[in-house]
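To start, the structure itself, in structure tokens.
Since every read-out is calculated from the coordinates, none of them should be taken as a lab result. In this text, all values refer to a predicted model and were calculated from it rather than measured experimentally. All Cβ positions, even for glycine, are placed from backbone atoms using ideal geometry, and neighbour counts span all protein chains on display.
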Amino acid sequence: MVTFAAPDNDIVGTVKDGQIVVKAGEKTIATLKKVERKSPTLGAKPPAGAMVLFDGTTAEKFKGGRMTEDGLLMEGADSQQKFQSFTIHLEFRLPFQPYDRGQGRGNSGFYAQGRYEVQLLDSFGLRGEDNECGGIYKVARPEVNMCYPPLSWQTYDVQFTAAEFKEGKKVKNARVTVRHNGVVIHKDREIPHTTVGAIVKDEGPEPGPIYLQNHGNPVRFRNIWVSQQR
């Protein structure tokens, strides 16, 4: 139990059993219960025909894939399979790094085709910039910051449409719709170029891998599956 008091009056708050009770003298004036938010797509099952990239049993579908003892995929892996347009579901957990700041705090990224990054970062309570969680890195900020607190399981559900090329020239930019914890944060957003940190440096008509960036922070992944668009 933790108790704190306002310095100039008799208002006292007590934290106990997942709630805060605020009293003025003997009168209770507020009871605030802890709310634990969960993504509505957490644990989503792959639809018929989807390719399961990671289910906690093996990391063999990723180059450099490493697993923890409790069956989670570690950061720093790119898929053996390459993709054009696709829909992907992935679940991630950001670490608790209270003494770090900015880009050093739970940093990773999901890259479509190894070219285009949707940032992963502990951005809970921040403004939601293009280099924070849900941002298309240095291209577009999320419509709303949906980042949960560190150590919470979160979801990205992403519909990616590959750039189109004709006679070696790009005629349409790549586009992406991103749902972060069930909420649309980018809707059919154009991505005009590859983003910083891409492992496939240039745009082109060739497919590319799913890349989960290693930025030196212990980000964990689970339940990753992909449906390819035709």
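Computed values, structure above
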| quantity | calculated |
| --- | --- |
| Among (1) within 19 Å of residue 86 (Cα to Cα); (2) over 20 Å from the mean Cα position of the chain (by Cα); (3) surrounded by 12 or more Cβ atoms within 10 Å (Cβ to Cβ), the one test that residue 52 misses | (2) |
| Strands (runs of 3 or more DSSP E) fully within segment 132-230 counting 3 or more residues that are under 18 Å from the mean Cα position of the chain (by Cα) and either in contact (Cβ under 8 Å) with a residue 40 or more places away in the chain or farther than 20 Å from residue 73 by Cβ (or both) | 153-161, 174-180, 183-191, 208-212, 220-228 |
| Single residue of 56, 76, 109, 104 found to be more than 17 Å from residue 177 (Cβ to Cβ) and in contact with an Asp or Glu (Cβ under 8 Å, 6 or more places away or on another chain) | 109 |
| Members of segment 78-124 found to be out of contact with any Lys or Arg (no Cβ under 9 Å at 6 or more places or on another chain) and aliphatic (A, V, I, L, M), listed by number | 88, 112, 118, 120 |
| In segment 102-131, the residues that are surrounded by 23 or more Cβ atoms within 10 Å (Cβ to Cβ) and either in a loop (DSSP other than H, G, I, E, B) or among the charged types (D, E, K, R) (or both) | 106, 107, 113, 115, 117, 121, 122, 123 |
